[in-house]
Amino acid sequence: MSVDKATVAKIASLARIQMDDAALEQMVPELNGILQWVEQLSEVDVTGIAPMAAVIPNTLRLRDDVIDADPLTGGGRQGDVLANAPAAEHGFFGVPKVIE
């Protein structure tokens with residue numbers, strides 16, 4: 001597949017990019033080069049290769065979700081925290097319902 005000046009002008013129009021004739025002429029070989037590269041990629045045999053998002057395996061390092069028993073630095077202070085809440089409901093901060 002190859003593009004010509006008219007195709008580049010149509011693409012520029014759809015993208016709402018104003019281009020003069022010199023810029024259109026310059027874009028023709030660039031877009032053709034990109035399309036040739038994509039066609040070259042389609043020739044690669046990828047059977048048996050799983051799709052991936054990155055070339056190295058990424059795993060999240062997770063910590064254990066534990067509450068510290070120390071009342072000064074950890075959990076166990078729900079009552080103290082909710083004492084400052086304007087409205088507490090079922091052990092949580094109460095907030096007004098918002099429906100739009």
Which numbered condition in (1) at pLDDT below 85; (2) outside any loop (DSSP other than H, G, I, E, B) is the only one that Glu30 fails?
(1)
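Each row is one residue, and each column tells you yes or no for (1) outside any loop (DSSP other than H, G, I, E, B); (2) of a type outside the set (Val, Ile, Thr); (3) modelled with pLDDT of 90 or more.
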| position | (1), (2), (3) |
| --- | --- |
| Leu35 | yes, yes, yes |
| Val55 | no, no, no |
| Arg61 | no, yes, no |
| Val66 | no, no, no |
| Gly76 | no, yes, no |
| Asp80 | yes, yes, no |
| Glu100 | no, yes, no |
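Inside region 13-31, can you point out the residues that are in contact with a helix residue (DSSP H, G or I) (Cβ under 7 Å, 6 or more places away or on another chain) and free of Cβ contacts under 8 Å to residues at least 24 places away in the same chain? Please lay out each step first, then the result.
Filtering region 13-31 for residues in contact with a helix residue (DSSP H, G or I) (Cβ under 7 Å, 6 or more places away or on another chain) gives 19, 24-25, 27-28, 31.
If the condition is that a residue be in contact with a helix residue (DSSP H, G or I) (Cβ under 7 Å, 6 or more places away or on another chain) and free of Cβ contacts under 8 Å to residues at least 24 places away in the same chain, then Met19, Leu24, Glu25, Met27 are the ones that fit.
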Have a look at Ile49, Ile67, Ile34, Ile99 and point out the one that is among the β-branched types (Val, Ile, Thr) and either touching a Cys at 6+ places or on another chain (Cβ under 6 Å) or within 30 Å of Ala9 (Cβ to Cβ) (or both).
Ile34
Would you check if Gln78 is closer than 30 Å to His90 by Cβ, free of Cβ contacts under 8 Å to residues at least 24 places away in the same chain and either of a type in the set (S, T, N, Q) or touching a Phe, Trp or Tyr at 6+ places or on another chain (Cβ under 8 Å) (or both)?
yes
Can Leu41 be described as within 26 Å of the chain's Cα centre (by Cα) and not in a loop (DSSP other than H, G, I, E, B)?
yes
Scanning region 1-16 residue by residue, those surrounded by 11 or more Cβ atoms within 10 Å (Cβ to Cβ) and assigned to a loop (DSSP other than H, G, I, E, B) turn out to be Val3, Asp4
Only one of (1) exposed (fewer than 10 other Cβ atoms within 10 Å of the Cβ); (2) on the phi < 0 side of the Ramachandran plot does not apply to Gly48, and that is (2)
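Looking at the structure I just gave you, is Ser42 in contact with a helix residue (DSSP H, G or I) (Cβ under 9 Å, 6 or more places away or on another chain) and of a type outside the set (A, V, I, L, M, F, W, C)? Steps first, answer last, please.
Working: in contact with a helix residue (DSSP H, G or I) (Cβ under 9 Å, 6 or more places away or on another chain): no; of a type outside the set (A, V, I, L, M, F, W, C): yes.
Against the criterion (in contact with a helix residue (DSSP H, G or I) (Cβ under 9 Å, 6 or more places away or on another chain) and of a type outside the set (A, V, I, L, M, F, W, C)), Ser42 does not qualify.
Could you list, in sequence order, all residues of region 82-98 that are assigned to a loop (DSSP other than H, G, I, E, B) and surrounded by 10 or more Cβ atoms within 10 Å (Cβ to Cβ)? Quick ask: steps written out before the conclusion?
Step one: of region 82-98, the residues assigned to a loop (DSSP other than H, G, I, E, B) are 83-87, 90-91, 94-98.
Those that are assigned to a loop (DSSP other than H, G, I, E, B) and surrounded by 10 or more Cβ atoms within 10 Å (Cβ to Cβ): Ala85, Ala87, Gly94, Val95.
From the list Leu31, Leu35, Leu24, Leu62, exactly one residue is out of contact with any Phe, Trp or Tyr (no Cβ under 8 Å at 6 or more places or on another chain) and loosely packed, with under 10 Cβ neighbours inside 10 Å. Which is it? Can you show your working first?
Numbers: Leu31 fails: loosely packed, with under 10 Cβ neighbours inside 10 Å; Leu35 fails: loosely packed, with under 10 Cβ neighbours inside 10 Å; Leu24 fails: loosely packed, with under 10 Cβ neighbours inside 10 Å.
Sole residue among the options that is out of contact with any Phe, Trp or Tyr (no Cβ under 8 Å at 6 or more places or on another chain) and loosely packed, with under 10 Cβ neighbours inside 10 Å: Leu62.
The values are calculated or read from the model by the stated rules, or taken from the named source; none is laboratory data. This structure is a prediction, so every number in the text was calculated from the model and none was measured. No Cβ is skipped: glycine too gets one built from the backbone with ideal geometry, and neighbour counts run over all protein chains shown.
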